[in-house]
Amino acid sequence: MRPKTPFFSISPVLIRENMRRLWAIPVFGFLAYFFSGVFPILMNYNDLSRIWSHILSSLNNTQPFFLMIHALIPTISAAAIFRYLHAAGSASVMHAMPFTRFTLFYSNLASGLIMISLPVLANGAILLAIQKPVEYDADYSYQISGLYPPSTPNIMSTPHIMNWVGMSLVIVLFVYSLCVLAGIITGNTVMHIMTAGFLNFILPALFLLLTLWGDIFLFGFPPAVQVAGISSLTPLIYVPFSNGSPGWLLITIYLIVSALVCLFSAALYAIRPLERAGDMLVFRPVETAVNYLVTFFGMSVTAYYFYAMDGGTEESKSRFYIGAAAGALIFFILSRMLVKKTLRVWNRKAAAGFGVYAIAALLVIAGFSLDLSGYERRVPNPDRVEEVGFSVAGIVSMSEPFAESHSDGNNLLFKDPGNISAFIAFHKRVVDNISSFKHKERDYADLSVNLSYGGYSFPPDRVWSINYPFIREDKNLKQIFESQEFKSLNSLINLETDGFKSVTLHDWNYSVSLTPYQARELFSCVDRDKTLETWEQFTDLTYPLAIIETDYDATKQDDARRSGVSAYFTTAIPLYYENTVKWLRENGYYEIFVKEASDVVSMTALHIVNGAEAESVNVTDPANMQAVLRYGETAPIIAGDYWSVDVRFGKESAYAGSTANDNRDIEIEADYKEYGGANPAASIQPNVIIYCLNENNPALEAILGKAGNAKQ
């Protein structure tokens, strides 16, 4: 009886021969890792705190050079080892040897695994040998660099180095498995390398394109929210995206996928037609798949280009369809030319193939444009929602609370059943008015509204662009804003901090520093006023009296990584904050920021229509000036129709000429130097404020209705 050919077998002789021929590849890999990561550490070994960011980015696999090496070494190894498949003579000689195809494949596969692993292991061993404690700088530099402190202050610890070794091996193994598959299905080395890059990024690129389709056709579809999901499709992107910590589940998935790809490659190797060496692709089904994939990518990019060039509006979708049709035909022909290596590619068979693709493309376009999935109009069941994340950004802003425990990093988190019901009622109201948001009758200012649901298997977050009047008039948001839950979220008492670095009062011309004692008093007043604030007051656009800006050391009790990281927040002081305004009066700050008509040198109102000046009015009547100073707004509600008022204050006026120290006896506390603030003083900047007046504004009615103003 003939013995069965083993599916898995390795020849040490072949492995030794590969290592003898291709020893330069692991040596190059070692030197690349060494000079990119280890060498700078050795050069600064006496004071490693100088290069803490380099050490952290290297061990987190966020360093660009490391990522390039992770991609380059597996690609070179696979291309060099399986190069014999791409020449008919070499392929015949290798397969004439007394080895089965499986033995050849797995021996070559193992050779490549050794080549890509040795450089990582060798550099990891050096890092372990030279490690010593390196404290990280947990200050504002993290916010600038985008790096996050590790779970331990010592960023060069054994666990951190071992994590780098492990994650690097996961990345190179995943990349190598796809590079091997590319070598099996291609017929020449150039195509092998191109296909290796294609396979490593095809899934993220494909999902990115589908995300763009969703952004164009589905109202509320949030492309930015999909970034983490898209990047997780390959460890080469996601490991640095997650700062070296993708989690055990994803690591396991990456390893399983790598193993399955290798097994699939072995199965294809066993049936690979050797006579097709030198062709672009050696399997007919792969040619068809590549043809359709390249056509889809080209069609999507061309369609998006046409759409974007026409302004990217709802009315631009007709250009999208034209671009899709043109791109599909052009890239279908180009991809066939590439695969077939000839210009004569259009025949009856090609026409039939294009017809199949066109039908599939029409189904995809119809699915998105007609929302066949029902994405836009789907509203969750309130009984299955445990919490809601919500934020508004734009000319009105409701974003992060003062306590991170009440935030998911982007949105405020609400758990009160009454508020959850109100959010779902708001969601339903948005769904009922989708058509008006897509086809705008007036050019209202839009707010970005983010809504997400926790504890419920619901499609991705909603990010809507909704006009300001719709938001201001919504009774559900009014109920939520005025609820006890939101008032507690919006309280300065929740601020998680180890101490304030500076607290500053400012407007557009002055900046005044406060002492810690004054800041605590002021915050207490602001909290009382926030508790009484109504939704109508909050969404009013009237210029505030002043703004509080606070720089502080943030602390998050359940995550030591964030302890001591600099953070800041700002909050406005509108005139209806009675307790806060009273405190400002009692402490002599009100007079610094209040604006009076007697301080004004000139005031010119310009009527802006569709971006151009349609009318000009010189405001000279003191009562009208005071009305502008009192009711002037921060932003236009209708972008194509509003009044812009240029107000200039005299250098010797009470407002522009005063300073925070004039005629005021402010005692500087003994701890002020430790507090880190500057002496209370006002810094004079250009004495100009641009106010905005929208329709129905009392000041606008006064300007246009009185004879004390000269029209031009």
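The values are calculated or read from the model by the stated rules, or taken from the named source; none is laboratory data. None of the values given here were measured: they were computed from a predicted structure. Heads up, the Cβs are rebuilt from the backbone with ideal geometry, glycines too, and the neighbour counts pull from every protein chain shown. Please note that ligands, DNA and RNA were not included when accessible areas were found on the heavy atoms of the full protein model with its side chains. Shrake-Rupley method; radii C 1.70, N 1.55, O 1.52, S 1.80 Å.
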Determine how large the accessible area of Thr620 is when every protein chain is in place; take a 1.4 Å probe and give Å² rounded to the nearest 10. 80
Kindly state, to the nearest 0.05, the FRET efficiency for Glu314 paired with Ala614, given R0 = 30 Å and r defined as their beta-carbon distance. 0.65
Residues whose built amide H sits under 5 Å from the amide H of Val134, excluding neighbours closer than 5 in sequence, are Ile155, Met156
Segment Arg384-Arg344, extension gain: residue separation times 0.36 nm, minus the distance between their alpha carbons: 8.5 nm
Interchain or long-range residues, amide H under 5 Å from Ile638's placed H: Ala445
Extension gain from Ser369 to Lys440, taking 0.36 nm per residue of separation minus the Cα-Cα distance: 23.7 nm
Cross-link list Lys415/Lys530; Lys415/Lys438; Lys438/Lys530: which exceed 26 angstrom alpha carbon to alpha carbon? Lys415/Lys438; Lys438/Lys530
Computed ³J(HN,Hα) along the stretch 109-126: with the Karplus parameters 6.51/-1.76/1.60, θ = phi - 60°, integer Hz and x for glycine or proline, the list is 4, 5, 4, x, 4, 5, 4, 7, 8, 4, x, 5, 5, 5, 5, x, 5, 5
Skipping prolines and chain starts, which residues have an amide H placed within reach, meaning under 5 Å, of the one on Asn467, given they are 5 or more residues away or on another chain? Leu447
The ³J(HN,Hα) series, computed from each phi in the stretch 165-179 with the Karplus coefficients 6.51, -1.76 and 1.60 at θ = phi - 60°, rounded to the nearest Hz and given as x for glycine or proline, is 4, x, 5, 5, 5, 4, 5, 5, 5, 5, 5, 5, 4, 6, 5
Scoring the stretch 26-104 by relative contact order with C-alpha pairs under 8 Å, at least six apart, yields a percentage of 24
Order by accessible surface, 1.4 Å probe, largest leading, for residues Glu533, Glu275, Glu485, Glu549 comes to Glu275, Glu549, Glu485, Glu533
For Phe82, Phe34, the accessible-area ranking with a 1.4 Å probe, largest leading, is Phe34, Phe82
Hey, if we sort Tyr510, Tyr453 by accessible area with the 1.4 Å probe, largest down, what's the order? Tyr453, Tyr510
Pairwise centroid distance, computed over Cα atoms, of the stretch 186-262 with the stretch 27-92, Å: 21
Ignoring ligands and nucleic acids, Phe264 exposes an accessible area, probe 1.4 Å, in Å² to the nearest 10, of 110
Give me a comma-separated list of calculated 3J(HN,Hα) values for the stretch 296-303, in order, Karplus coefficients 6.51, -1.76, 1.60 applied at θ = phi - 60°, integers in Hz, x for any Gly or Pro. 5, 4, x, 4, 5, 5, 5, 4
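Contour minus end-to-end for Arg520 and Asn46, with contour as 0.36 nm per residue of separation and end-to-end as the Cα-Cα distance? Present the calculation step by step, with values, prior to reporting the outcome.
Values: separation 474, 0.36 × 474 = 170.64 nm, distance 4.36 nm.
Computed gain between Arg520 and Asn46 is 166.3 nm.
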